[in-house]
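Data first, discussion second: the structure below is written as structure tokens.
FYI, it's all coordinate maths here, none of it is from the lab. Just so you know, these numbers come straight off a predicted model, no measurement behind them. Using ideal geometry, Cβ is built from the backbone for each residue, glycine included, and neighbour counts are taken over all protein chains shown.
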Amino acid sequence: MDKENEKVIIAGYLESTTEEIERTIARILLVSEGVSTATMADEGLANTVAKYLSNRMSVFRQNLCVDWNLGEKIKSSAFGNNVELVAAIADVIAPLVGAPPALMVATLLFKRGLQELCKDV
């Protein structure tokens, strides 16, 4: 995918609520495992995405906050806008995300708060 298309996709994700992104990620995860989500309640979807993030959060922190030095990049204003920042985060976590699109997971991390993600690192 080219960078311009990425920017359009990210801008759309940024307009979504955190809950909408979480539900979509949960559905992607479940469908990738062969589970039907047609009748699944929001609570089941929330549990799915919570488990997914719990299983990967330490790796995301290590790769973004320590190895890539996200906090310094944010402080230095290395990125012109939020779309560029999310795209860069997606590039870093792409090998780590599994089934959901890296752009979507990066947007979720951004919306949940990057300072929070890196606060104890």
Count of lysine pairs in region 3-118 with Cα atoms under 20 Å apart, counting only pairs 8 or more residues apart in sequence or on different chains?
6
In nm, give the distance between the simple-model label positions of Asn81 and Val121, each being 7 Å from the Cα along the Cα-to-Cβ direction.
2.6 nm
If each of Asp42 and Lys3 carries a label point 7 Å out from its Cα toward its Cβ, how far apart are those two points in nm?
3.8 nm
Within a Gaussian network of the chain (alpha carbon springs, distance under 10 Å), most fluctuating of Ser36, Ser58, Ser16:
Ser36
Pick out which of Ala88, Ala102, Ala26 has the largest mean-square fluctuation in a Gaussian network model of the chain, springs linking Cα atoms closer than 10 Å.
Ala88
Exactly which trypsin sites (Lys or Arg not before Pro) in region 28-121 are in a DSSP loop and have at most 11 other Cβ atoms within 10 Å?
Lys119
Using Cα-Cα distances under 8 Å and only pairs 6 or more residues apart, what relative contact order does the chain have, in percent?
36 percent
The chain, helix-only ellipticity at 222 nm - DSSP H runs n ≥ 4, -39,500 (n - 2.57), divided by all residues, nearest 500:
-21000 deg cm²/dmol
